[in-house]
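The values are calculated or read from the model by the stated rules, or taken from the named source; none is laboratory data. Not measured: the values here are computed from a predicted model. Methodologically, a virtual Cβ is constructed for each residue, glycine included, from the backbone with ideal geometry; neighbour enumeration extends over all protein chains shown. These area figures cover heavy atoms from the full protein model, side chains too; ligands, DNA and RNA do not enter into them. Shrake-Rupley method; radii C 1.70, N 1.55, O 1.52, S 1.80 Å.
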Amino acid sequence: MTGQKRTFSEAWHRVADLRISLRHAVVMRKQLFRGETWYLLQDPFNNQFFRIGPEAHEFVVRLRPDRTVAEVWEECLARNPEGAPGQEDVIELLAQLYHANLLFCDLPADGSKLFERYQRRRQRETRSRFFSLMFFRIPLFDPDRLLRHCEPLTRLLTGRFAFAVWLLAILLAIKTVIEQFPRIGGEARALLAFDNLFLLYLGMALVKALHELGHTLVCKRFGGEVHTVGVMLIVFAPLPYMDATSSWALRNRWQRILVASSGMLFEFFAAACAALVWAHTGPGVVHSLAFNMMIVASVSTLLFNLNPLLRFDGYYILADLLEVPNLQPRSLAQLKHLAVRYLFGDRQAEGPAHSRKEAFWLTAYGVASGLYRVVIYGGIILFVADKFLLLGLLMALICGVTWGVLPVFRFLRYLATSPKLARNRRRAVTVTSVSTAVFLIFLAFVPMPNRFSAPGVVEAMDLSRVVNGAPGQVAEVLAANGSRVVPGTPLARLVNHELDLEIAATIAQRDEVLALQLQSFTTHGDSARAMLEKRLATLDGRLRKLELERESLMVRADRQGIWVAPQGYALQGLWLKRGAELGKIVDPGRFRFSAVVSQEEAANLFSEDAPRKTTVRLVGQAQTDLQVEGYQIIPFQHEQLPSAALGWQSGGDIPVSGEDEHGLKTVEPFFQIYAELAPLDTPGRVVIHHGHSGRIRFYLPAEPLLGQLLRKASQFFQKRYQT
């Protein structure tokens, strides 16, 4: 009840003569948010809560069966003319309390209505569970009596000593993870392997049990009650859950934040213990289970539980930190208010925000959480469809009905029957119709830019590879990467002590043969001298070969150009086999761009509508477009990248196989395109060198967005499900 109040309402006669009050079992608690007073109404039978402001509280506490609603409202108006709620506010408040099943009336007719109201609420809960198949809850038992008997244990597990143990375990686990980090990456590759799925699920179940135990113990420690423990089906996988909504009644917001955080704290402790067990055990079931628990308890906690855009722990923590109660429903109400006030023209519409700052937070959260829910639910549906196609289609159908058909139906019914639009119904219908028509026309008929890009690397069209002619250790790199060289320029010097010893041994053998040859003139015949001459010729040939190999240890340029050696001085000290590539000498005059195009995008290049324009942008020089004189599509699929810089292992965009140590083999086939770069008009402004990575852009003929979206969706499903 904020903003400008509508003192009178045309629908006031419907509630003015009612004699109602709060149910006797309703518990009311006082809370403070941002220095403002709020009152929390709790229904102890179903453990549900309803929060109202001080103006509504002044009205609600005066409701009695012996007084009419009109009499109570007139009394509030007489006591506080400026702060009393208006008639429209009273109608809305009573409607909300009615649907929350918090009102009592002693009339038989109203009693039947209360029963009907309960039945309708149960039906809404059943429908909600049906349409939330991915997050379905099944309550099992009430643990409150057991928790009362275990109160000493609860205090021990949530006390200072427990916190000291938790902190020590976390520090030891961090040290262990840092020391064993290379092993984590290796074992994480098999996390989703088929033979690991059972251990992964078992680890997740254990971690989530500890998570819910943390909520339960800390909530009980601060005086809350826990009456429900059950099983929640998350994407049809059963996991434990508990109901800690009683923590909302805690007056201290830091206690509420601690209750919401306790599950994650217990998960981090589980992750720490699992990390220590994993690091000190050998291969086996215990080792694998500990690794799965360590990953689940840390990664899932950070990505899901701590994320405030989903209604998990992070959501309630954020709501208490911002002191914005009912963050999600109020954010939806804020978005609805903006539409009603500024699109439908109802200037008397009141929003849920109490200030401009709160209105900003509610609007931003409403938009962000809505978009994130679509993304996360879409990802879950695709994940399930990859494993079980029919089940994924069923989930997609249910979500389509829940988020598409039903909201549209409710909105149309709201436009046609809502009393709040009585004065602005024609404008609301007109704005909705015109906006829908404009959006559809824009989507289906207005041509929009159509382009796509692909990664690639610059290659010199004229180059020669420089290799070493003999094995050896790189003693000195003589030419810097990017320097200009001419034929004969020394590039690198290698040493091979074994080659020197072999040359010395060959010279010694030659000297021995020469001595024997001189001796043969006096002691041996012609046949012996002939054999010695053949032996001497063999040694001379071998010596010449070894001398040539020693000369080739000094690697020189065989042509003029730019010396390209990305490894550069990193080669110094390494032992290289014969024929190892040290670098390339490229002609800086002409370059081409070797691009990697996916199979889906390549279909655009094979169509009748050829790209109207093609440009290249290089990494670090994205402000300049390099023109392309022409391109050539290699008419068969490739699986080897032109450069490892394009693959995931080197920070590129292309998925590569983990089995290829060079990072060149791709997971999926691709088409390769050679685009010839036009000569630069201003060479000094752009620097191009061999191996420079970038992206090529193809500008296709303009096309409406609807056609582009349908084509991309068709390509996506054809590739993913071969449909």
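Quick notes on this structure:
- Shape call, segment 295-408: gyration tensor on alpha carbons, a/c limit 1.5: oblate
- Neighbour-limited loop hits for GluC sites (Glu not before Pro), segment 622-723 (at most 15 other Cβ within 10 Å; DSSP other than H, G, I, E, B): Glu659, Glu661
- Selected from Asn101, Leu18, Leu306, residue furthest toward positive end of dipole (the chain; charges at beta carbon): Leu18
- In terms of its C-alpha gyration tensor, segment 583-677 comes out oblate, because a/c is 1.5 or above while a/b does not outweigh b/c.
- Alpha-carbon Rg/Rh ratio, for segment 561-608, with Rh computed the Kirkwood way: 1.23
- A DSSP coil position with no more than 15 other Cβ atoms inside 10 Å describes the following trypsin sites (Lys or Arg not before Pro) in segment 160-250: Arg189.
- For Val286 and Asp66, the difference between the fully extended length at 0.36 nm per residue and the C-alpha to C-alpha distance is 72.3 nm.
- Which listed pairs, of Lys30/Lys357; Lys30/Lys336; Lys336/Lys420, have C-alpha distances above 19 Å, in listed order: Lys30/Lys357; Lys30/Lys336
- Against the empirical curve 2.2 N^0.38 Å, the C-alpha radius of gyration of the chain lands at a ratio of 1.43.
- Computed over protein heavy atoms with a 1.4 Å probe, the accessible surface of segment 598-661 works out to 61 Å² per residue.
- Cα centre as origin, Lys/Arg/Asp/Glu Cβ charges: segment 176-269 dipole, Debye: 380 debye
- Solvent-accessible area per residue for segment 379-475 (1.4 angstrom probe, square angstrom): 60 Å²
- For His227, the residues whose amide H sits under 5 Å from its own are Asp243, ignoring neighbours fewer than 5 places away on the same chain, with H placed 1.01 Å from N.
- Cα Rg, Dmax, segment 155-295, angstrom units: 16.7, 50
- Taking the 1.4 Å solvent-accessible surface of segment 599-668 as the whole, the part contributed by carbon and sulfur is 47%.
- Using a probe radius of 1.4 angstrom, the carbon and sulfur fraction of the accessible surface of segment 352-461 is 74%.
- Positive dipole terminus of the chain, leading residue within Ile380, Ile295, Gly366 (C-beta point charges): Gly366
- Lys, Arg +1 and Asp, Glu -1 on Cβ, resulting dipole of the chain about Cα centre, debye, nearest 20: 2440 debye
- In terms of distances greater than 30 angstrom between alpha carbons, the cross-link table entries Lys584/Lys665; Lys665/Lys719; Lys175/Lys220 yield Lys175/Lys220.
- Rg [Å, one decimal], Dmax [Å, integer] - segment 408-543, C-alpha atoms: 44.3, 134
- Accessible surface, segment 239-296, averaged per residue in Å² (probe 1.4 Å): 38 Å²
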